[in-house]
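Trainee: Just dropping this structure here.
The values are calculated or read from the model by the stated rules, or taken from the named source; none is laboratory data. Just so it is clear, the model here is predicted, and its values are computed rather than measured. Here the Cβ positions follow ideal geometry from the backbone for every residue, glycine too, while neighbour counts run over all protein chains shown. Just the protein is used for accessible areas: all its heavy atoms, side chains included, with ligands, DNA and RNA removed. Shrake-Rupley method; radii C 1.70, N 1.55, O 1.52, S 1.80 Å.
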Amino acid sequence: METLSQSKRRNLSFTTLDIVLMAMLATANAVMTFYLTYINKMLNSLGGPVATSTIVGVYMVYGLLAYYIIRKPGTAAITYGIGGAIQCFVGTTYGIASAIVAALCYIVVAEAVFALTRYKRWGMGMMMFAGGAMVPLWFVCAANMFGYTAWSWQVLAVTLVMRLLSGIVLCGVLTKMLGDMLQRSGLLRRFAIGRKEAEHAPTIH
């Protein structure tokens, strides 16, 4: 007979479907990042670092979306880890170091945020908070790696605010919307998000 602790460990372990989904999202991000490079260059020519900061949230969506769907400790570590590895292999405009450091920053923050909630809060407010929370640590690292420290404090402040808003909206809000849309389509019935919805669905007698 399976004990409660054994059942809990089984529910928290990753299934083959979980791993496939994380790999697919990481791969999709690599493709998206390739095309975002051109948009980033256009924005940079139009408004410099402030303009390019408006889309940083999009780069983080894949890992947060995986967490929202799978809802298991370590999801960010695996998803962002795979994403960073793919970026290293296919190449990135900003260099291999940036791909690795960015992934590590996202992993640390995302894992900490959901651990603090004991993996029980998945509402819009929580996703917005997680999206915004992943911004500052990478911003500090990027500032030192790419020379942002040479900017005036006013530009730095505006850039950080824009990145926070982008993280909240283009990562947090977009993740919640995409996850809920996929869940309603019935594609996620075998993932944690689908099982949670099924548990709370009204029973017709």
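Trainee: Cβ contacts < 7 Å: first residue part of a loop (DSSP other than H, G, I, E, B), restricted to segment 116-128; second residue surrounded by fewer than 17 Cβ atoms within 10 Å (Cβ to Cβ), any location; separation 6+ or different chain. Result?
Mentor: Here the result reads Y119/P73, each pair linking segment 116-128 to a residue that is surrounded by fewer than 17 Cβ atoms within 10 Å (Cβ to Cβ).
Trainee: Oh, and also: Given (1) among the β-branched types (V, I, T); (2) at pLDDT 90 or above; (3) open to solvent by 80 Å² or more (accessible area, probe 1.4 Å), identify the lone condition not met by I107.
Mentor: (3)
Trainee: Sort out which residues of segment 137-196 are charged (D, E, K, R) and within 21 Å of I107 (Cα to Cα), and write them in order of number.
Mentor: R163, K176
Trainee: Return yes or no: is G125 open to solvent by 50 Å² or more (accessible area, probe 1.4 Å) and out of contact with any strand residue (DSSP E or B) (no Cβ under 7 Å at 6 or more places or on another chain)?
Mentor: Yes.
Trainee: If G132 passes every condition in (1) outside any helix (DSSP H, G or I); (2) buried (at least 17 other Cβ atoms within 10 Å of the Cβ) but one, which one does it miss?
Mentor: The single condition G132 does not satisfy is (1).
Trainee: Separate question: Being more than 16 Å from S53 (Cα to Cα), among the β-branched types (V, I, T) and modelled with pLDDT of 95 or more narrows it down to one residue among V135, V169, V173, V161; which is it?
Mentor: V173
Trainee: Of all the helices (runs of 4 or more DSSP H) wholly in segment 1-103, which have at least 3 residues that are at pLDDT below 90 and surrounded by fewer than 16 Cβ atoms within 10 Å (Cβ to Cβ)?
Mentor: 4-12, 16-52
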